[in-house]
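Heads up, the thing below is written out as structure tokens.
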Amino acid sequence: MSSLADKRILLGISGGIAAYKSADLVRRLKERGADVRVVMSAGAQEFVQPLTFQALSANPVHIDLLDPSAEAAMGHIELAKWADLILIAPASAQVMAKLAAGMADDLLTTLCLASEAPLALAPAMNQAMWRHAATSANAQTLKERGVIFWGPGAGSQACGDVGPGRMLEPENLAEHTESLFHTSHSLQGRKVVITAGPTREAIDPVRFLSNHSSGKMGFALAAAAQSAGAEVTLIAGPVNLDTPPKVNRIDVISAQDMYEAAKSAADHCDIFISAAAVADFRPAQVAEQKIKKKDGQDDDAIALIKNPDIVAAIATRTELRPFTIGFAAETEQVLAHAQSKLQRKNLDMIIANDVSQSDSGFNSDHNAVTVIDAGGQSRLAPALKTDLARQLIELIASKAQ
Ligand code: PMT
């Protein structure tokens, strides 16, 4: 049974060209078993007729705060209490500004203020509007209040611009909604430590060696493990991501810092997952001052020394050894290289990702992985990292008994 069965989703639609995609979103939420009621702002009705949403949701569409007949059928306070989730998709810059200010001047914003249900926004707007300091500040305010943001994605926009501000695709939003309601107790009472993101290895006070890891895979695993009941410690390299709810986060910069934090956290955990992209080497010397180019200099070299292998150090322990999982980011011979790392590092499981494709692996919302352990290999279908993380956590929970 879908995890949206019997879930009541209040879908708010604000004004924007992406409103036409919300018709498909209604369909996808309903396919997953949700009961959907739609609230449209005045702006949204300029783009799509309420009748479309009435037909797709099989419920009357709510448009007016002061409509006596609608209030008689289901008053706005009743509607606010009815919802298990309010999802606004598309969420315009205008609706974000009103929510950040606590305004309630139409039905949608009034419902948001009157409801205790979680609120998720799928922003959609022109890239310059999304990047504007006012919108950034509103998004920050809303995030601090616990509002969930799904997207926006980046790419070409209806106005011809290219950049961030595209509403996520309906299928992605339906998957996010499903993830939000997914509950599992498979890791109840277990302690999980996860490393995520890149490390930075200083060359001098202004330069460093690093990689393209965004931390998304590790953060998604942390959120999924927490949802499955685990007590989660997330050791994060320098990334630009919000800490998942109820997760204990330790921020680090270098591989050496991550090593120290991981060694001590792993003493008290049952499962250790190494999703970080740790730099294998660091500069042998860190210059105290910014290194200057010499007159006529055409080349230079930086001597490197090896960093500790964090996951191997934990997996080869004889005492206080958790169930230990590594990741392998490979561009060729993915499975063979991953298999060799599984053995060389003494891991219980390795998750191989092919990072030769730009639409998965490093710094993408998607990934495509194969899980390898002593029992064999299993390939998971390409999916959002949030979705894959849920599947991986269930798999790990079943093996780490
Ligand atoms: O962060 P994202 O943008 O979401 O991207 C996710 C990811 C691609 C970074 C992630 O899924 C991933 O594959 N992480 C491991 C990347 C990597 O560096 O793999 P590796 O083959 O170099 O290392 C193998 C394993 O050893 C990894 O578990 C790594 O965390 C660990 N390792 C490596 C070196 C080192 N010094 N210490 C380690 O613990």
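The values are calculated or read from the model by the stated rules, or taken from the named source; none is laboratory data. Predicted model only: the values in this text are computed from it and were never measured. No Cβ is skipped: glycine too gets one built from the backbone with ideal geometry, and neighbour counts run over all protein chains shown.
Applying a threshold of 7 Å to beta carbon distances and a minimum spacing of six or more residues, or different chains, the list of pairs starting in segment 307-332 at a residue that is among the acidic types (Asp, Glu) and ending at one that is near the ligand (Cβ under 7 Å from one of its atoms) reads ASP309/LYS345; GLU330/VAL355. Of the strands (runs of 3 or more DSSP E) lying entirely inside segment 221-298, those containing at least 3 residues that are within 30 Å of ARG145 (Cα to Cα) and not small (Gly, Ala, Ser) span 231-236, 248-251. For segment 341-368, filtering for residues that are more than 10 Å from the ligand (Cβ to nearest atom), over 27 Å from LEU187 (Cα atoms) and not hydroxyl-bearing (Ser, Thr, Tyr) leaves 2. Just name the residue that is farthest from ILE305 (Cα to Cα) out of those in segment 257-289 that are out of contact with any Phe, Trp or Tyr (no Cβ under 7 Å at 6 or more places or on another chain), of a type in the set (Asp, Glu) and more than 9 Å from the ligand (Cβ to nearest atom). In this case the residue turns out to be ASP267.
Residue check: is ALA328 among the small types (Gly, Ala, Ser) and at pLDDT below 90? Considered against the rule, which asks whether it is among the small types (Gly, Ala, Ser) and at pLDDT below 90, ALA328 comes out as no. One residue stands out among those in segment 221-249 that are at pLDDT below 95, within 15 Å of the ligand (Cβ to nearest atom) and surrounded by 20 or more Cβ atoms within 10 Å (Cβ to Cβ): the one that is nearest to the chain's Cα centre (by Cα), which is ALA223. On the stretch given as segment 295-312, residues that are closer than 18 Å to GLN285 by Cα and of a type in the set (Val, Ile, Thr) total 2. Scanning segment 332-340 finds one or more residues that are near the ligand (Cβ under 9 Å from one of its atoms), modelled with pLDDT of 95 or more and in the same structural domain as ALA266 (by TED's automatic domain parsing). Given the condition surrounded by 15 or more Cβ atoms within 10 Å (Cβ to Cβ), in contact (Cβ under 8 Å) with a residue 40 or more places away in the chain, assigned to a loop (DSSP other than H, G, I, E, B) and within 12 Å of the ligand (Cβ to nearest atom), answer yes or no: does some residue in segment 373-388 qualify? No - not one qualifying residue is present in segment 373-388. Just one residue in the set LYS81, LYS98 is buried (at least 18 other Cβ atoms within 10 Å of the Cβ) and of a type in the set (Lys, Arg); that residue is LYS98. Among the residues of segment 178-213, those that are within 16 Å of the ligand (Cβ to nearest atom), crowded, with 21+ Cβ neighbours inside 10 Å and not in a strand (DSSP E or B) comprise GLY197, THR199, SER213.
Taking the criterion of being in a helix (DSSP H, G or I) and of a type in the set (Phe, Trp, Tyr), the only residue of segment 106-162 that qualifies is TRP130.
Residues that are free of Cβ contacts under 8 Å to residues at least 40 places away in the same chain and within 24 Å of LYS385 (Cβ to Cβ) were ranked within segment 109-130; the one that is surrounded by the fewest Cβ atoms within 10 Å (Cβ to Cβ) is GLN127.
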